[in-house]
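**Q** Below is one structure. I have some questions about it.
The values are calculated or read from the model by the stated rules, or taken from the named source; none is laboratory data. A quick note: this is a predicted structure, and the numbers were derived from the prediction, not measured. Reconstructed Cβ throughout: ideal geometry from the backbone, glycine too, with neighbour counts over all protein chains shown.
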Amino acid sequence: MSEKIALVGIGKIAVDQHIPAITASNEWTLAATVSRSATVEGVEGFADINAMLAARPDINVVSLCLPPQPRFAYAEACLQAGRHVMLEKPPGQTIAEVQALEALATSKGVTLYATWHSRAAKGVAAAKAWLSDKAVQRAHITWREDVRKWHPDQDWVFEPGGMGVFDPGINALSILTEILPQPVHLVGAELSFPANRDTPIAADLRFSGGVTAEFDWRQQGPQSWNIDVATVAGTVQLRDGGNRMMIDGNPVAGGDLDEYPTLYAQMARCLRAGVSDVDLSPMVHVADAFSLGKRQEVEPFHF
Ligand code: NAP
């Protein structure tokens, strides 16, 4: 049976990924949208979340595609109304916000799913399986992309709660925390803040266990979303945001990018099992980076 779902925040990721994934799935029916400015043809549209929750008691599931800053109030309203909720990444502005949502979901007996779309990339499960019985010697993340290309005019990323370069960087951290056989913790960081902005445009991170990361939003030309994990048995190389996996240059896993269908299939599984799926470990690393990070000021940034 197809489950009715409402989609909230009809912006870039909703249009690029969520609507196609829902529309293509037999498990889901897009039954309503909530947006201050946009509608989806053939789908009932609301401008206000509380109006949708009141008018459509037949919709049990809400997927929130908003930026992290306004997301908590929307999620809280949905959970209070007894709806199951799916959150875009990062699941909130702060760890405590998401913990509050998780407690509310538990008290209401509904599902909360904090999605990490990069964990659904095609090489991630293979990397996790291969590393599961290995000792990691060192690892390095290179996440370098052009913010003007991927977040055109999205000023929220540079506002408090928007996380700056950690908005894409947390995708790498969601993979790292998924594939490493033993957890690591941050030991040092340098964060580069544009003189006119409140969040960093670049970050260099050092973790325990020889793990390092470089995130940079000023990349021109070729973009890099790479993770290398070295062990005595060989080096796992994840490329294209985790979508291709090699060991010492030999392809092991990969394929067409279809992260969002995987997320909606997982939400359906959570509903059937009556469980939540909330892992905050990527956000812990980001919070630690803001806590430990040495700040340096760099040239102002304008879209
Ligand atoms: P976006 O296009 O800038 O915003 C999404 C929508 O959220 C907007 O169109 C707007 O919808 C609503 N919104 C924005 N600010 C709001 C506010 N203050 N109050 C209420 N609604 C507001 O952002 P996005 O790129 O789709 O990203 C949204 C989330 O998806 C982020 O957490 C991001 O990390 C994640 N994500 C993005 C990408 C990507 O490639 N862009 C990829 C993966 C994940 P209405 O005008 O319809 O109300």
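**Q** Which condition from (1) in a loop (DSSP other than H, G, I, E, B); (2) within 10 Å of the ligand (Cβ to nearest atom); (3) surrounded by fewer than 21 Cβ atoms within 10 Å (Cβ to Cβ) is the one that residue 133 breaks?
**A** Failed condition: (2).
**Q** Of everything in segment 1-38, what is in a loop (DSSP other than H, G, I, E, B) and near the ligand (Cβ under 9 Å from one of its atoms)? Give them in sequence order. Before the answer, list the steps.
**A** Taking segment 1-38 as the starting set, the residues that turn out to be in a loop (DSSP other than H, G, I, E, B) are 1-2, 9-11, 25-27, 35-38.
Those that are in a loop (DSSP other than H, G, I, E, B) and near the ligand (Cβ under 9 Å from one of its atoms): 9, 10, 11, 35, 36, 37, 38.
Residue-wise test of (1) over 14 Å from residue 119 (Cα atoms); (2) outside the structural domain of residue 133 (by TED's automatic domain parsing).
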site: 216; (1), (2): yes, no
site: 229; (1), (2): yes, no
site: 238; (1), (2): no, no
site: 242; (1), (2): no, no
site: 247; (1), (2): yes, no
site: 264; (1), (2): no, yes
site: 280; (1), (2): no, yes
site: 292; (1), (2): yes, no
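**Q** Which residue, of 141, 175, is modelled with pLDDT of 95 or more and either more than 29 Å from residue 231 (Cα to Cα) or out of contact with any Asp or Glu (no Cβ under 9 Å at 6 or more places or on another chain) (or both)? Can you show your working first?
**A** Values: 141 fails: either more than 29 Å from residue 231 (Cα to Cα) or out of contact with any Asp or Glu (no Cβ under 9 Å at 6 or more places or on another chain) (or both).
Criteria check complete, one pass: 175.
**Q** Considering each residue of segment 189-215, count those that are more than 16 Å from residue 290 (Cα to Cα) and crowded, with 17+ Cβ neighbours inside 10 Å, and give that number.
**A** 1
**Q** Provide a single number: the residues in segment 140-193 that are assigned to a loop (DSSP other than H, G, I, E, B) and among the acidic types (Asp, Glu).
**A** Total meeting the criteria: 3.
**Q** Only one of 52, 1 is over 21 Å from residue 259 (Cβ atoms) and at pLDDT below 95. Can you tell me which?
**A** 1
**Q** Can you name the residue in segment 62-105 that is under 14 Å from residue 50 (Cα atoms) and assigned to a strand (DSSP E or B) and is also farthest from the ligand (Cβ to nearest atom) among such residues?
**A** The residue in question is 62.
This table checks each residue for (1) touching a Leu at 6+ places or on another chain (Cβ under 6 Å); (2) under 20 Å from residue 144 (Cα atoms).
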{"site": "213", "(1), (2)": "yes, yes"}
{"site": "223", "(1), (2)": "no, yes"}
{"site": "232", "(1), (2)": "no, no"}
{"site": "238", "(1), (2)": "no, yes"}
{"site": "253", "(1), (2)": "no, no"}
{"site": "267", "(1), (2)": "no, no"}
{"site": "282", "(1), (2)": "yes, yes"}
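**Q** Do we have residue 279 as modelled with pLDDT of 95 or more, touching a Phe, Trp or Tyr at 6+ places or on another chain (Cβ under 9 Å) and not polar (S, T, N, Q) here? If you could, list the steps in order and put the result at the bottom.
**A** Values: modelled with pLDDT of 95 or more: yes; touching a Phe, Trp or Tyr at 6+ places or on another chain (Cβ under 9 Å): yes; not polar (S, T, N, Q): yes.
Yes; evaluated as a whole, the condition is true for this residue.
**Q** Sticking with this structure for a sec: Sort out which residues of segment 140-175 are within 10 Å of the ligand (Cβ to nearest atom), under 13 Å from residue 289 (Cβ atoms) and among the β-branched types (Val, Ile, Thr), and write them in order of number.
**A** Within segment 140-175, 170 is the sole residue that qualifies.
**Q** Any chance segment 247-257 includes a residue that's part of a helix (DSSP H, G or I), modelled with pLDDT of 95 or more and either more than 14 Å from the chain's Cα centre (by Cα) or polar (S, T, N, Q) (or both)? Let's see the steps before the verdict.
**A** From segment 247-257, those part of a helix (DSSP H, G or I) are none; that's our starting set.
No, there is no match, as no residue in segment 247-257 is part of a helix (DSSP H, G or I), modelled with pLDDT of 95 or more and either more than 14 Å from the chain's Cα centre (by Cα) or polar (S, T, N, Q) (or both).
**Q** Of everything in segment 66-87 that's of a type in the set (D, E, K, R) and surrounded by fewer than 24 Cβ atoms within 10 Å (Cβ to Cβ), which residue is nearest to the chain's Cα centre (by Cα)?
**A** Per the stated criteria, the residue is 76.
**Q** Looking at residue 42, is it surrounded by fewer than 22 Cβ atoms within 10 Å (Cβ to Cβ), free of Cβ contacts under 8 Å to residues at least 12 places away in the same chain and at positive phi?
**A** Values: surrounded by fewer than 22 Cβ atoms within 10 Å (Cβ to Cβ): yes; free of Cβ contacts under 8 Å to residues at least 12 places away in the same chain: yes; at positive phi: yes.
Judged against the criteria, residue 42 is a match.
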